[in-house]
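This report refers to the structure that appears directly beneath it.
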Amino acid sequence: MDFAFTEEQQEIFAAVREFCDDVLKPRAQEVDEAGEYPWDNVRQLGKLDLMGIPAPEEYGGMGLGFLEWAVIGELLSGACTTTGAIYGAHMLAEYPIMHFGTDEQKQKFLAPLATGEKIGAFGLTEPDAGSDAGNVQTRAERDGDEYILNGSKLFISNGGDAELYVIIANADPSRGMRGLTAFIVEKGTPGFDFGKDEQKMAFKSLSNRELIFTDCRVPAANILHKEKGGFRVTMQTLAVGRIGMAVGAVGLAQAAYDAAVAYAQTRVQFDQPISGFQAIQFKLADMATDIECSRLLTYQAAWRKDEGLDFEKQAAMAKVFASEACSRVCNEAVQIHGGYGYTKEYAVERYFREAKLFEIVEGTSEIQRLVIANRLLKEAKLR
Amino acid sequence: MNFIVCIKQVPDTTEVRIDPETNTLVREGVPSIINPFDENAIEAALQLKEKHGGKVMVITMGPPQAEKALREAVAMGADEAILISDRAFAGSDTLATSYTLAQAIRRIGDYDLILCGKQAFDGDTAQVGPGLAEQLGIPQVTYAIEAEIEDKGLRVKRLLEDRFEVVETRLPALITCVKQMNEPRHAGLKGVMKARKAEIPTWTAEDIQADTARCGLDGSPTNVVRIFTPERGREGERLEGECSEVVHTLIQRLREAKVL
Ligand SMILES: Cc1cc2nc3c(=O)[nH]c(=O)nc-3n(C[C@H](O)[C@H](O)[C@H](O)COP(=O)(O)OP(=O)(O)OC[C@H]3O[C@@H](n4cnc5c(N)ncnc54)[C@H](O)[C@@H]3O)c2cc1C
């Protein structure tokens, strides 16, 4: 067992950290308040080769692993949570194409995603299909070499801004979730429109648009995996996405912790820095421990993915633990800042609002526990 | 077009201290970086290459560990790098340094434009660039804030204290670059990987046919006698209070000091 990064990994992370410190961090507050998709940051992610970390080099990617993708996601999220979330949502389109796509699909769709020339999004959630992802109502009807899509998606991250969408629709409702089918749909396809952008508690600059399909014709050649193979595509994509959410939570928690330590060491009450009080020290100790656990679980899940081992249970564990830990950490970071932490003067006010997201998206905490428990019980039966 | 960028590895100035006993820079534990103005020179070269095609070569004279600075430049996008390193170069002043760089550039041979930072953060002399141009007998334009290549000639906008000056010259030439010239790019991951694998040759005094009497300490007429932090002069005074009152007191003080 080796917990150390290789020299190559260290150099890669150092380069990303420099970009985070010089570019992302100083703008993070502005990005949060702007309410506009941070195109400049997103374009720079592409320029610096960060949009295709695990994609093969022949398709313009870096040919690295999901571990590298995870650590970089953590750094981005720590510097600018919104940019980190965009990076994560992008992979929800890139990964299924990378994993399930044919050579032709990869040439056409993976390459522009891996280089960051195009941004990706993943459309699963619908008004009646949230946690119950199998209940997707968007219909896909075959018509010759095409499928006709009808229905709508909600909450889609990067929605409207992304150029490439992986859309989950049902090609055979009689078979329930076994009828689900994954399509690659390009922005600009006739019959594909954007509706309402959700007004959220945080992440104001991350688009979460409604996607509307009205007799939208998509070539059969754009099916990922196979017709009625969409459930597998969905589950695999969500599993990788859970690592992405865990990573975002770890990065955010670390940022909140760093802010809290710095504040505790400078804020003086009763003639001493508040970090001198054991009550504050214990908070810091718990926060740091929470972050360390989250990080190790998350890296382990990513490592298992890279090793070709089953990683879905670990990804769910990482996601539920890291997101809940992140909320605890951000809550205490505000507490340590006292009244100032409740004001816009300090970034922890934003961190506190942002943290909640990670407990909901890509499967709520409850759903993660369901996934974990299902696995545990199955494993117990097999024994 | 062949571009040569001369860079220097310097201690990160935000972390530098002077040892009061020896009056020398304390370098232990201080991270080394590319001299910030040299990053502007690299960026300028990369932009010119993107526009006109060609090759960007980066060179540095320094100890073996200066290779790291060269790799950083390759990560930014430089095509090739050469480390000029020899015990004989130790203790070089600006004259010996520009001589050594000139010898290396003579060996490289084919070039159109040499770019340097306007000065090094640690030495602050701003002499090596101009010295190098003199050694090579080519035109030099210092403090460039813009540089355009037009019809095989060079058009440079210079940033002077109170004005801009636009100068045209033939190529090959040398320019020194100011901070305001551009925003040096960050290294992308492909650059980082390329830099890891890049072969960086080391050229010794012999390789560049340098006359060792003109290198290092032997070739350096400048002697640093002492480096010290200047004594603080008189303390300033801060006037506080109502604006009108402060202005009144200020005028009174200036009159007393016979400034007004
Ligand atoms: C900012 C943001 C970004 C998003 N990005 C995307 C995206 O890019 N693509 C996409 O497809 N979706 C996206 N979503 C949607 C997100 O994945 C869903 O909101 C999430 O899966 C929960 O679904 P729901 O909101 O319908 O909640 P519901 O499923 O209605 O859940 C309500 C509550 O009931 C609980 N619950 C439901 N079922 C069970 C059960 N069986 N057992 C126990 N408890 C249960 C839930 O845990 C939750 O507490 C995004 C959402 C947000 C807020």
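Tabulated values for the structure
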{"read-out": "Reachable aspartates and glutamates, given that their alpha-carbon falls under 12 Å from the alpha-carbon of residue B:118 and they are not under 8 places away in the same chain", "value": "B:38, B:39"}
{"read-out": "C-alpha long axis of helix A:312-337 to longest principal axis of chain A, angle in °", "value": "40 degrees"}
{"read-out": "Alpha carbon Rg of chain B, scaled by the compact-globule rule 2.2 N^0.38 Å", "value": "1.20"}
{"read-out": "Helix A:365-382 vs. chain A, principal-axis angle (Cα, 0 to 90°, nearest 10)", "value": "70 degrees"}
{"read-out": "Per-bin percent of Cα-Cα distances, the protein assembly as shown [20 Å]", "value": "16, 39, 32, 11, 1"}
{"read-out": "For B:181-191, mean number of other protein chain Cβ atoms within 10 Å", "value": "5"}
{"read-out": "Degrees between helix B:67-76 axis and first principal axis of chain B (Cα, 0 to 90, nearest 10)", "value": "90 degrees"}
{"read-out": "Positive minus negative residues near residue A:40 (Lys, Arg vs Asp, Glu; Cβ under 12 Å)", "value": "+1"}
{"read-out": "Ellipticity estimate at 222 nm from DSSP helix runs (n ≥ 4, -39,500 (n - 2.57)) divided over chain B, nearest 500", "value": "-9000 deg cm²/dmol"}
{"read-out": "Environment charge at residue A:108 (Cβ cut-off 15 Å; Lys +1, Arg +1, Asp -1, Glu -1)", "value": "-4"}
{"read-out": "Label point 7 Å beyond Cα of residue A:279 along Cβ direction - residues of the range A:302-338 with amide nitrogen under 20 Å", "value": "A:328-338"}
{"read-out": "Total formal charge among the other residues, if their Cβ is under 14 angstrom from that of residue A:59, Lys/Arg +1 and Asp/Glu -1", "value": "-3"}
{"read-out": "If the convex hull is drawn through the Cα atoms of chain A, its volume per residue in Å³", "value": "144 Å³"}
{"read-out": "Taking all pairs of distinct alpha-carbon atoms in the range B:134-183, Kirkwood radius in angstrom", "value": "11.1 Å"}
{"read-out": "Exceeding the 27 Å Cα-Cα cut-off - candidates B:49/B:194; A:118/B:157; A:25/A:305; A:118/A:204; A:226/A:305; A:283/A:313", "value": "A:118/B:157; A:25/A:305; A:283/A:313"}
{"read-out": "Candidate aspartates and glutamates for bridging to residue A:381, where Cα separation is under 20 Å - those fewer than 8 sequence places away on the same chain excluded", "value": "A:310, A:312"}
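Throughout, read-outs are computed from the coordinates displayed, never taken from laboratory work. All figures in this text were calculated on a predicted structure; none of them were measured in a lab. We place every Cβ from the backbone using ideal geometry, glycine too, and count neighbours over all the protein chains shown.
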